[in-house]
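As structure tokens, the structure follows; a few thoughts come after it.
The values are calculated or read from the model by the stated rules, or taken from the named source; none is laboratory data. None of the values given here were measured: they were computed from a predicted structure. Backbone-built Cβ (ideal geometry, glycine too); neighbour counts: all protein chains shown.
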Amino acid sequence: MKITLDRAKLLPFSLTLVIIALDQTIKSIIVKNWPIEGTFIHDLFGNGLVQFWHVRNRAIAFSLGYNLPDSVRPILFVVLPVIVLVILLWYYFASSNFLTIQRWAIAGILGGGLGNIIDRIFRQAGVVDYVSVKFYGIFGWDRWPTFNLADSSVVICCIILLVSIIINSGKEA
């Protein structure tokens, strides 16, 4: 596959940069101004639905891998994700099969992924998480695991990418 660079492929990376900038700015404000480890900060609507906390996650989603040895975490949580993102970038630029919305979704995934990788490299205490949402006992959880803007970007953009692939494959069939 030949890698091509054109405006249609490069423009979505403005979203990548915006997500990284916003994510790191919010995290810096929280780290500088709010105490760490489960300290309640603010109840957004006054009903407990959305709250802001300052917690750190030294693992990945849902604290998976929290008990792994410190020597293994950098490989699984930094090196492996970087490899995956590099492969995704290579395929992104080598392929002309992506729809515009899919290119923007990939850029959003990349921005969120890099936002958390930056934390894993430069914040020894772990990834800064701060949004806590009431989950009403579903799956036995009172609250959804605390997350951040980068996490949200990855999840939302993955959903957009998958839905667009499903819809597009349905049209081709």
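Go through (1) surrounded by 12 or more Cβ atoms within 10 Å (Cβ to Cβ); (2) of a type in the set (A, V, I, L, M); (3) not in a strand (DSSP E or B) and name the single condition V55 misses.
Unmet condition: (3).
Output the number of the condition that V128 fails; it satisfies all remaining conditions of (1) among the hydrophobic types (A, V, I, L, M, F, W, C); (2) part of a helix (DSSP H, G or I); (3) more than 21 Å from I3 (Cβ to Cβ).
Every condition holds for V128 apart from (2).
Which of the residues belonging to segment 59-87 are touching a helix residue (DSSP H, G or I) at 6+ places or on another chain (Cβ under 9 Å) and not in a loop (DSSP other than H, G, I, E, B)?
A61, R73, P74, F77, V78, P81, V82, V84, L85
Quick check on segment 15-42: of everything there that is in a helix (DSSP H, G or I) and free of Cβ contacts under 8 Å to residues at least 40 places away in the same chain, which residue is farthest from W90 (Cα to Cα)?
Ranking the qualifying residues of segment 15-42, first place goes to N33.
One residue is enough: does segment 66-86 have a residue meeting the conditions within 25 Å of G126 (Cα to Cα), modelled with pLDDT under 90 and among the small types (G, A, S)?
Yes, that holds for at least one residue.
Name the residue that is nearest to K134 (Cα to Cα), counting only residues in segment 43-52 that are not charged (D, E, K, R) and not in a loop (DSSP other than H, G, I, E, B).
Per the criteria, the residue is V50.
Residue under question is L22, and the condition is that it be surrounded by 11 or more Cβ atoms within 10 Å (Cβ to Cβ) and more than 30 Å from F135 (Cα to Cα); does it hold?
Here the answer is no, as L22 does not meet what is asked.
Among the residues of segment 88-123, which ones are assigned to a helix (DSSP H, G or I), in contact with a helix residue (DSSP H, G or I) (Cβ under 8 Å, 6 or more places away or on another chain) and aromatic (F, W, Y)?
Y92, F93, W104, listed by residue number.
Residues in segment 33-47: is at least one out of contact with any Cys (no Cβ under 6 Å at 6 or more places or on another chain) and either crowded, with 17+ Cβ neighbours inside 10 Å or among the basic types (K, R) (or both)?
No, that holds for no residue.
Which of the residues spanning segment 62-120 are of a type in the set (S, T, N, Q), under 27 Å from I30 (Cα atoms) and either in contact (Cβ under 8 Å) with a residue 24 or more places away in the chain or surrounded by 14 or more Cβ atoms within 10 Å (Cβ to Cβ) (or both)?
S63, N116
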